[in-house]
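First comes the structure, then the notes that go with it.
The values are calculated or read from the model by the stated rules, or taken from the named source; none is laboratory data. This structure is a prediction, so every number in the text was calculated from the model and none was measured. When we count neighbours, we look across all protein chains shown, and the Cβ atoms used for this are built from the backbone with ideal geometry, even at glycine.
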Amino acid sequence: MTDSSVALSADEFASLAEIGKGKAQGEIPQAHGERLTNLGYAIRRLGELELTSSGERRLATANSSLPLRPASRYATGTTIRR
């Protein structure tokens, strides 16, 4: 069982995202892979890391809580009046 309140460093979270892309095998530090596995966010199968359902939820939760970037006022050529 995982605890979604466990703090991940920015680098560990980036490693989690790389695992989710499916190409992280040699690109993330071994310590990150071990910690993410111990937390239940990743699993090693046939020597490669994959996200578990908990890891996928952690990514989705973190991504949905990110603030949206405000649209540029130049994107449509109009300015919003207040």
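Restricting to the stretch 15-61, count the residues that are assigned to a helix (DSSP H, G or I), among the polar types (S, T, N, Q) and either on the phi > 0 side of the Ramachandran plot or in contact with a Gly (Cβ under 8 Å, 6 or more places away or on another chain) (or both).
Initial filter on the stretch 15-61 (assigned to a helix (DSSP H, G or I)): 15-21, 30-38, 53-61.
Narrowing further to those that are among the polar types (S, T, N, Q): 15, 30, 37-38, 53-54, 61.
Adding the requirement that they be either on the phi > 0 side of the Ramachandran plot or in contact with a Gly (Cβ under 8 Å, 6 or more places away or on another chain) (or both) leaves 15, 54.
The number of residues fulfilling the criteria is 2.
Would you please name the residue that is modelled with the highest pLDDT, looking only at residues in the stretch 22-32 that are surrounded by fewer than 20 Cβ atoms within 10 Å (Cβ to Cβ) and within 14 Å of the chain's Cα centre (by Cα)?
If we take residues in the stretch 22-32 being surrounded by fewer than 20 Cβ atoms within 10 Å (Cβ to Cβ) and within 14 Å of the chain's Cα centre (by Cα), then G22 is modelled with the highest pLDDT.
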